[in-house]
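In what follows, a single structure is set out as structure tokens and then discussed.
Values quoted throughout were computed directly from the atomic coordinates according to the rules given, and no laboratory measurement underlies them. Note that this is a predicted model, so its numbers are computed, not measured. So basically every Cβ, Gly included, is an ideal-geometry build from the backbone, and we count neighbours across all protein chains shown.
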Amino acid sequence: MSNLISPEFKIREVAERIKATRESVGLTPEEMAEKTDITTFEYLAYEGGAKDFSFSFIYKFANVTGVEITDLMDGESPHINSFDITRKGEGLPIARKKGLVYQRLAPNFRNKIGEPFLVTIPYVDEKHRVPHAHTHEGQELDIIVSGQLKVRVGDNVEVLSEGDSIYYDSSEPHDEWAVGGKECKFYAVVFGTNQYAGAMSHLEPVTLPGTTNFDLANVENPVADKFVEVETNSEGALTGIKFKNEETFNFSFDIVDALAAKDPDKTALIYVSDDLEERRFTFAEIKKYSNMTANYFLSKGIKKGDKVMLVLKRHYQFWFAILALHRIGAIVIPATNQLVQHDFTYRFEAADVKAIVCTGDGDVAHQVELAIEESGMDIIKMMAHGEREGWASFDKEMYEFSDVFERPTDPDKISCGSEPMLMYFTSGTTGYPKIAMHSHKYALGHFITARYWHNVDPNGIHLTISDTGWGKALWGKLYGQWMSETCVFVYDFNRFDAHKILPMFKKYNITTFCAPPTMYRFFIKEDLSKYDLSSIKYATVAGEALNPEVYNQFLKATGVKLMEGFGQTETTLAIGNFVGMTAKPGSMGKPSALYDIDIVDSDGNSVKPGETGEIVIRLDKGIPCGLFMEYYKDEEKTKEVWYDNIYHTGDTAWRDEDGYFWYVGRVDDVIKSSGYRIGPFEIESVIMELPYVLECGVSAAPDPVRGQVVKASIVLTKGTVGTDELKKEIQDYVKQHTAPYKYPRIVEFRDELPKTISGKIRRVELKG
């Protein structure tokens, strides 16, 4: 809270939270007064903001309601759970009464929940000191009275001075010793085990392998070595990455053609159609067909700098087309087949589209024709996976062209390095989507995605489930995977069907897998014991925050621990649980070595561990490979997110004491109810623990009294009937498993939740 806010405003804000919390637990003012040992008149004065709060009242109220004192005073739950340092003068204020100091040791007090001590540690030169790490149940608070204290909690070491304090999980190995040449005195308060379980399941840290599957394969003369140098620590974790020759880099020529020369007969792509027909392509064939496609596109008048839209679902023709466009230097615009007339019209005009290669499936081509007519633009039309009057037949005509396409030497004909390569329309929550433009160096940025996060095996097969119209396709279906020389698996389904997908893991021996949490939720609601998933050696998740329930159930069924990651259309993988790390399930992980990532407040200042803020990428050291160039033709929107040498993601998170990032939500998704700030993901995680819940989206709903209230939109499992009694059961469950003020006052049952093409829940459509 800013120091500029008046104490009176702060009191009113806390009073509002007290009233809302009391109502959430179903107590009357008279009942709460009795439970906090004050008169009803005095309680109503507190609740009405007419009286400053005493510590004893706040403490008792927090115990009665099962909320943290920090919740009441600051409007947000505390996050960190290992240790928390409070420097002198930085403690959270409770009372404003001048001259009042709290010093309580209470040696004779009965039934203490905490045991206070005054500890004196003599000074011993560190050369002669014998370390003594110890543990005990519960938590500990140490407050320095005089001298300096050096404290080790786990792998973290801090030096505390007079007035500093530290609060930590005392089950962690810890040790304290005096430094600075003299003895140290400090108060130590040891508490018993925590009485209130958090909403998040306790998930044990996971030590990830210290060597990537790529390194274990001992690949000779890796094609990526010409462009990438990495630095790792003794645990095998990536600590640094450098790129070379990046200004001349073109993925088609430098990776695909290099693989075709090195290992021409190696399978690059396994394609399975919706009716389960299979095609396999070697790297030599991928080069051949993308060369033929490049010559075909040239015959249509497509040249360097032209914008070409690809609406190709998961058809294998997508790989021919995108690589061909890279060869020509034309700019690729992937798009989903879910677009309709007005979507296409906007995209054609906004991106100056020259040509389109479109699927013959469904009604897409008709919608494109309507959009062309509406825009009045002269757009070259090519169709794959079907034929239609007025459209060139990609599947017939492409094969008539030469399979030789030499790398251009004319600078006007070759596109590489910092020149534009790709444009993606972002799936914004409001207004028209923006156009994120990427250079050829974007492909290099995905080296880490595949090598250190997906942990792909050059002798294995990787499946990323996404449609080619979403940016995640290029995270998992092309760039990083082929830079790591692995085979990509593609299932070109029309509708997601877990019963059809699950048998493919065994049939094709798929070794690494990535999907959004939504897909995993559909998997775990099936009887996974019917399927052989033993081929899966590594699995990752992105697109939304990972619920503990999804993690636990998939682990139970497969023995595979899901590794989370975070990024955007504007970036490559920015934060992740990488090979060589100790991962904390439920956490996004730690920043990629590619990016300088921080969490900041509304003024752009770095926040402390445990505090929620916006995820940003600092650019003081230069613009990394993988970060977008700009929003095409929109300088204003570019400046809204990219200023003061910082890229603002618009996503919020908090960082724990060990440097791990924990997702909260989009800046606009945070629910502000009765003075509390509530992240939707925490509530979703609790609701998803219920066995009859298939999907859940939590959002804000307007309320005349509280400003906003929590609303839960729920899809139930097949056979479950949504009744008023079930709504009450869900509400009570949330109250029992997290702070009661966070429960959803509105529960609605839906047949399905609105989603983006990437599978993300569109909470903006759930509001209200």
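What to note about this one:
- Angle between the chain longest axis and helix 317-328 axis [Cα atoms, degrees, rounded to 10]: 80
- Under 5 Å from the amide H of residue 563 lie the amide H atoms of 539, 540, 541, each residue being 5 or more positions distant or on a separate chain, with H modelled from the backbone and absent for Pro and chain starts.
- Rounded if a/c under 1.5, otherwise prolate or oblate - the range 282-367, Cα gyration tensor axes: oblate
- Put in order of Cβ neighbour count within 10 Å, fewest first, the listed residues 606, 685, 375, 170 become 606, 375, 170, 685.
- Applied to the range 486-493, the Karplus parametrisation 6.51 cos²θ - 1.76 cosθ + 1.60 on θ = phi - 60° returns per-residue 3J(HN,Hα) values of 9, 8, 9, 9, 10, 10, 8, 7 Hz, with x for Gly and Pro.
- Residues with amide H under 5 Å from that of residue 693, placed H, sequence gap 5 or more: 717
- From the alpha carbon centroid of the range 401-420 to that of the range 576-626 is 36 Å.
- Whole-angstrom gap from the range 472-520 to the range 109-169, using each part's C-alpha centre: 50
- Convex hull volume of the Cα atoms of the chain, normalised per residue: 186 Å³.
- Angle in degrees between helix 55-65 and the longest Cα principal axis of the chain, rounded to the nearest 10: 50
- Proxy reagent accessibility, fewest Cβ within 10 Å first, across 74, 215, 257: 215, 74, 257
- In this structure, the residue pairs whose Cα-Cα separation is over 29 Å, taken from 381/637; 10/755; 10/584; 556/672; 10/711, are 381/637; 10/755; 10/584; 556/672.
- Coupling constants for the range 168-183 follow from the phi torsions by the Karplus curve (6.51 cos²θ - 1.76 cosθ + 1.60, θ = phi - 60°), and in residue order they are 8, 6, 7, 6, 6, x, 9, 8, 9, 8, 6, 9, x, x, 8, 5 Hz; glycine and proline get x.
- Calculated [222 nm] ellipticity per residue, helices only, for the chain: -7000 deg cm²/dmol; basis is -39500 (n - 2.57) per DSSP H run with n ≥ 4, divided by all residues, nearest 500.
- Taking a ≥ b ≥ c as the square roots of the eigenvalues of the alpha carbon gyration tensor, the range 7-74 is rounded, as a/c is under 1.5.
- Cα gyration tensor shape of the range 102-191, rounded if a/c is under 1.5, else prolate or oblate by comparing a/b with b/c: oblate
- Cβ-derived FRET efficiency at R0 35 Å, residue 87 paired with residue 338, nearest 0.05: 0.10
- Among 686, 153, sorting on how many other beta-carbon atoms sit within 10 Å of each Cβ, with the fewest leading, yields 153, 686.
- Those GluC sites (Glu not before Pro) in the range 723-757 that DSSP places in a loop and that have at most 16 other beta carbons within 10 Å: 752
- The chain: angle of helix 7-24 to the longest principal axis, Cα-based, in degrees nearest 10: 80
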